[in-house]
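**Q** First the structure, which I've put down as structure tokens, then a few questions once you've had a look.
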Amino acid sequence: MLEAFEVAQVQMTTEYDDAIRRLSNHKYDCIFVDNMMSEKNGLMLTKYIRRAENTELRTIPIILCTAFTDLQSIINARDVGVTEILAKPISPDQIMAKMNTAFFSPRTFIDAKVYAGPDRRRRIRDFGEQDDRRKADIPLPAQKENAKDTALDGQTEAE
């Protein structure tokens, strides 16, 4: 499908080690990874890329192609630094939409000790004049009368 979009150069591999070798020898504008590679999965490759010493490699947009679209799978992909998720079965329109988002509406890249990848927050919330949501006057959820139901960490007051 990428060749149909007249992408100048497309390289494919199904092997994790081959992907690592190619990443060290070539410069890429975008990487599509499949969640199901032969030995290791696309999330492992994403972790490798996001932890690379080479900043240019570390910041490449990564689009994960996957059939696993349950909430935990999406969270796992987000937490390793996937830029966009392309749910299978894929269509040309979906590919184009994900590439447009990755290239033309990129989220800020976060590079910290515990996480490297696009900002995991997609929604921008307006907290009024407050510049920090932690300082905003956001009411807590309604409290219940039973102390067991109000414990924030799932423990009762007696525990």
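So that you can scan it fast, the table gives a plain yes or no per residue for (1) of a type in the set (Lys, Arg); (2) within 21 Å of the chain's Cα centre (by Cα); (3) over 18 Å from Ile110 (Cα atoms); (4) assigned to a strand (DSSP E or B):
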| position | (1), (2), (3), (4) |
| --- | --- |
| Ala4 | no, no, yes, no |
| Arg21 | yes, no, yes, no |
| Tyr28 | no, yes, yes, no |
| Val33 | no, yes, yes, yes |
| Met36 | no, yes, yes, no |
| Ile49 | no, yes, no, no |
| Glu53 | no, yes, no, no |
| Ile60 | no, yes, no, no |
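**Q** Could you list all residues from segment 110-120 that are surrounded by 11 or more Cβ atoms within 10 Å (Cβ to Cβ) and either closer than 20 Å to Tyr28 by Cβ or free of Cβ contacts under 8 Å to residues at least 24 places away in the same chain (or both)?
**A** Filtering segment 110-120 down to residues surrounded by 11 or more Cβ atoms within 10 Å (Cβ to Cβ) leaves 110-111, 115-120.
Within segment 110-120, Ile110, Asp111, Ala116, Gly117, Pro118, Asp119 meet the criteria.
**Q** Next up: Residue by residue through segment 67-86, note down the ones that are in a loop (DSSP other than H, G, I, E, B) and free of Cβ contacts under 8 Å to residues at least 24 places away in the same chain.
**A** Start the filter on segment 67-86 by keeping residues that are in a loop (DSSP other than H, G, I, E, B), which leaves 67-70, 81-83.
Result: Thr69, Asp70.
**Q** Can we say Ser105 is among the polar types (S, T, N, Q) and modelled with pLDDT under 90? Break it down stepwise before answering.
**A** Values: among the polar types (S, T, N, Q): yes; modelled with pLDDT under 90: yes.
Criteria met by Ser105.
**Q** Name the pairs: first residue in segment 16-34 and under 21 Å from Thr66 (Cβ atoms) and in contact (Cβ under 8 Å) with a residue 24 or more places away in the chain, second residue surrounded by fewer than 17 Cβ atoms within 10 Å (Cβ to Cβ) and charged (D, E, K, R), Cβ to Cβ under 6 Å, at least 6 apart or on different chains?
**A** Tyr16/Glu39; Tyr16/Lys40
**Q** Could you please give the count of residues in segment 1-12 that are over 20 Å from Thr83 (Cα atoms) and without any contact (Cβ under 8 Å) to a residue 12 or more places away in the chain?
**A** 4
**Q** For segment 6-27, give me each residue that is charged (D, E, K, R) and modelled with pLDDT of 90 or more. Working first, answer last.
**A** Going residue by residue through segment 6-27, those that are charged (D, E, K, R) are 6, 15, 17-18, 21-22, 27.
Selection gives Asp17, Asp18, Arg21, Arg22, Lys27.
**Q** Next question. Among Ile110, Ile124, Ile85, Ile75, which is in contact with a Pro (Cβ under 9 Å, 6 or more places away or on another chain) and either at pLDDT below 90 or not basic (Lys, Arg) (or both)?
**A** Answer to the selection: Ile110.
**Q** Consider Ile20 carefully, then state whether it is touching a strand residue (DSSP E or B) at 6+ places or on another chain (Cβ under 8 Å) and either surrounded by fewer than 16 Cβ atoms within 10 Å (Cβ to Cβ) or not charged (D, E, K, R) (or both).
**A** Details: touching a strand residue (DSSP E or B) at 6+ places or on another chain (Cβ under 8 Å): no; either surrounded by fewer than 16 Cβ atoms within 10 Å (Cβ to Cβ) or not charged (D, E, K, R) (or both): yes.
It is false that Ile20 is touching a strand residue (DSSP E or B) at 6+ places or on another chain (Cβ under 8 Å) and either surrounded by fewer than 16 Cβ atoms within 10 Å (Cβ to Cβ) or not charged (D, E, K, R) (or both).
**Q** Search segment 87-109 for residues being in contact (Cβ under 8 Å) with a residue 40 or more places away in the chain and assigned to a loop (DSSP other than H, G, I, E, B), and hand back the single one that is surrounded by the most Cβ atoms within 10 Å (Cβ to Cβ). Walk me through it before giving the result.
**A** As a first pass, look at segment 87-109 and keep what is in contact (Cβ under 8 Å) with a residue 40 or more places away in the chain: 90, 92, 95-96, 99, 102-103, 106, 109.
If we keep only those that are assigned to a loop (DSSP other than H, G, I, E, B) as well, we get 90, 106.
Details: Ile90: 16, Pro106: 13.
Selected residue: Ile90.
The values are calculated or read from the model by the stated rules, or taken from the named source; none is laboratory data. Computed from a predicted structure; not experimentally measured. Positions of Cβ are generated from backbone atoms using ideal geometry, with glycine treated the same way; all protein chains shown enter the neighbour counts.
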